[in-house]
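Written out below as structure tokens is the structure these notes cover.
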Amino acid sequence: MEVPCGIQGQRRKLSAIHIHNIIKDCAPILYALRIIRAHGMNQSAVKTIYHSVVISKLLLYAAPAWWGFATPTDRNCISGFFNRGGPSGFSAADHTDISEMVDEAEDKLFH
């Protein structure tokens, strides 16, 4: 079934807005993680919170539904945000790419 061009454009625009909102919602969480780490929370706990809140709840939540509508620019924006967790010490040094995590989420959903 062919989707009319205007509808496809609206979906891409909604995807871009959704991605912007995800990053906007994640930024204060990264700040809070830096603060609690500075106040002595151990690194393992910080990584657990980062993965549980930022990766699982915000970035990967319903990702199979919106990832396909994301433009390469949108995907680079999400990847850039995700990659900021590595140098900050929030994610493992060997963390996988966000697109691989979305692919895994799709596999779990559809298989």
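Placing a pseudo-label 7 Å from each Cα along the Cα-to-Cβ vector at Ala62 and Ser88 gives an inter-label distance of 2.3 nm.
Note on the stretch 12-111: with charges restricted to the Cβ of Lys and Arg (+1) and Asp and Glu (-1), its dipole about the Cα centre is near 480 debye. Per-residue 3J(HN,Hα) values for the stretch 23-29, derived from phi via the Karplus relation 6.51 cos²θ - 1.76 cosθ + 1.60 with θ = phi - 60°, read 5, 4, 6, 7, 4, x, 5 Hz in sequence order (x marks Gly and Pro). Counting neighbouring Cβ atoms within 10 Å and putting the fewest first, the residues Lys13, Lys47 line up as Lys13, Lys47.
FYI, it's all coordinate maths here, none of it is from the lab. Please read these numbers as outputs of a predicted model, since none were measured by experiment. Here Cβ is always computed from backbone atoms with ideal geometry, including for glycine, and neighbour counts include all displayed protein chains.
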